[in-house]
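Following: one structure in structure tokens, then a few remarks.
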Amino acid sequence: MKLAIVGLWHLGTVVSTGLSYLKKNKIYCFDEHKIINNFLKKKLPIKEKNIQDLKNKNYNKYIFFSKEFKKLKDFKTVWITYDSEIDNYDNSNFNNIFIKFKKIFKYLNKNTLVIISSQIPIGSIKKLEHYDNVKLKKNLRFVYIPENLRLGNSLDIFINSKDFIVGIRNQSDKKKVNQAINGINAKKHFVSIETAEMTKHVINSYLACTISFANEISKIASKHNVSFIDLEKSVKTDKRISPYAYLRPGNSFSGGTLGRDLNYLIKEGKRNNLSTKLLESIKISNKNHSLWVEKIVNNEKNLSKKRVLQIGLSYTSGTTTLRGSLPYKIFMKLKRKTNIKIYDEYLRINSSEIKTIKNYFEVNNIKNKFDIIIIFNNDYSFKIIKKFLKTNSLII
């Protein structure tokens, strides 16, 4: 089967690479000239483990690249994977991505099956169907497959998915969907399109809620010297709570994805004149928690004279993107008032986003010592961290 993938930022990169790895279909990737040229030059928008190697291995065998959208007329199934643009307040504008959709649709033949995995608000597919019925009259058939990837380990998650939520309008489209994801041994849950759209929002909002919940509980627990590890184990003995539940305190959620879906639901509630006080409180709690690192650092005496090292700068370890990164936001604030350096080897070696702050990075062979060390990346062993410590260093 020939399958077109349109949109090559993080989502499209992972989906196209994963499908080419399965070697069940010929995968043709489409995007603007600049993006395709970068792929041909082996410059990926976001680097993660194994993706570049697999693309190199399968190039011109199972995966191909094209700048010519007019060739989309040759495909009976087109999978759109544009990532939604998220602003600094975790808001995403559907109108921006709708413009991209319309550009793609004009190249498609009648009766094309259009799979969409872009992060869009509930009701979006219905709007696309209306646009087709009124303007295009191509009888495009839509399927919505919400992505559930996590930066840093996305390819493995996609290939080894145990469950796939597939929103369909017509039962007759199941066969083509199964052909498109042939090789992924996941259980397919065929539901309505609106259910699939809502599933993505609920999963991310639920995760946002549990993260904020755990962080607030940790504040109370710390006042009584409660062991967070023991508390987490004890709570998870209740069979109603998943062993994988977020119950360990940590950073506030960032990256835009959880906040984006939370905002989708809050806006939908307001549009329908519904109270969403619980969802709104999650945003407030998360924002308050995001300030705790800065508060600790700012309380240090003679801060301007102290050397600070921040370990980890990207949104999460194993990826090169700074989009929505809480560590990056904190670094940008602290560098105005402290003598701060960064230690993040993966980012330093692989990222193209750090050109303006390259001189802030420490490298392995430098033996500087620091008064304050802020750890965001747990990939580094204590042996590595220890070489940066003074006798009385503050570790956050």
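Label separation (Glu345 vs Tyr244): 3.0 nm, computed from points 7 Å beyond Cα along the C-beta direction. Computed from Cα atoms, the angle from the helix 10-22 axis to the main principal axis of the chain rounds to 60 degrees.
For region 134-211, lysine pairs separated by 8 or more sequence positions, or belonging to different chains, with Cα-Cα distances below 22 Å total 19. A convex hull fitted around the alpha carbon atoms of region 124-252 yields 149 Å³ per residue. Panel values: the chain, Kirkwood radius from alpha carbon pairs, Stokes-Einstein at 37 °C and 0.692 mPa s, translational diffusion coefficient 142 µm²/s. Extending 7 Å from the Cα toward the beta-carbon at both Ser275 and Asn38 defines two label points whose distance is 4.6 nm. Using a probe radius of 1.4 angstrom, the carbon and sulfur fraction of the accessible surface of the chain is 51%.
Heavy atoms of the protein chains alone define the surface here; on that basis region 134-282 has 57 Å² accessible area per residue at 1.4 Å probe size. Counting Lys and Arg as +1 and Asp and Glu as -1 over every other residue whose Cβ lies under 13 Å from the Cβ of Ile104, the net charge comes to +4.
Within 10 Å, Cβ to Cβ, of Lys176, how many net charges do the neighbouring residues add up to if Lys/Arg are +1 and Asp/Glu are -1? Walk me through the numbers before you get to the answer.
Numbers: positive: Lys76, Arg141, Lys174, Lys175; negative: Asp173.
Its environment carries a net charge of +3.
Placing unit charges on the Cβ atoms of the charged side chains and taking the dipole of region 218-302 about its Cα centre, the candidate lying farthest along the positive direction among Leu279, Ala221, Pro249 is Leu279.
Taking a Cβ cut-off of under 12 Å around Gly318, the surrounding Lys, Arg, Asp and Glu residues balance to a net charge of -2, with basic ones at +1 and acidic ones at -1. Centroid-to-centroid, using Cα positions, region 11-61 and region 284-323 are 34 Å apart. Which residues does a label at Asn185 reach in region 152-175, if reach means a backbone N under 12 Å from a point 7 Å past the Cα toward the Cβ? Hits in region 152-175 for Asn185 at 12 Å: 160-162. Compared with the dominant Cα axis of the chain, that is its longest principal axis, helix 257-271 is turned about 70°. In this label model, Ile375 and Lys358 are separated by 3.0 nm, measuring between points 7 Å along each Cα→Cβ vector.
Taking amide hydrogens as placed 1.01 Å from N in the peptide plane, the amide H of Ile115 sits under 5 Å from those of Val78, Trp79, Ile80, Val143, each at least 5 positions away in sequence or on another chain. Using the rule -39500 (n - 2.57) for each DSSP H run of four or more residues, divided by the residues of the chain, the 222 nm mean residue ellipticity is -11500 deg cm²/dmol. Ordered by solvent-accessible area of protein heavy atoms (1.4 Å probe), largest first, the residues Arg150, Arg336, Arg260 come out as Arg336, Arg150, Arg260.
Note on surface exposure: Asp379, Asp83 rank Asp379, Asp83 by accessible area, highest first, 1.4 Å probe.
Our coupling estimate for region 101-117, obtained by passing each phi through the Karplus curve with A = 6.51, B = -1.76, C = 1.60 and θ = phi - 60°, is 4, 4, 5, 5, 4, 5, 8, 7, 6, 4, 6, 5, 7, 10, 8, 10, 10 Hz, Gly and Pro reported as x.
Once fully extended, how much extra length lies between Asn139 and Asn109, figured as 0.36 nm per residue of separation less the alpha-carbon to alpha-carbon distance? List each step's numbers first, then the result.
Details: separation 30, 0.36 × 30 = 10.80 nm, distance 0.92 nm.
Using 0.36 nm per residue and subtracting the Cα-Cα distance, I get 9.9 nm.
Relative contact order (percent) for the chain, with alpha-carbon contacts under 8 angstrom and 6 or more residues of separation? The value is 13 percent.
With respect to the chain, whose longest principal axis is taken over its alpha-carbon atoms, helix 193-222 is tilted by about 10°. Rg over Rh for region 21-158 works out to 0.96, both radii taken from alpha-carbon positions and Rh defined as the Kirkwood radius.
The values are calculated or read from the model by the stated rules, or taken from the named source; none is laboratory data. All values derive from a computational prediction rather than experimental measurement. Quick reminder, even Gly has a Cβ in these numbers, built from the backbone with ideal geometry, and neighbours come from all protein chains shown. The area values use the complete protein model at the heavy-atom level, side chains included, leaving out ligands, DNA and RNA. Shrake-Rupley method; radii C 1.70, N 1.55, O 1.52, S 1.80 Å.
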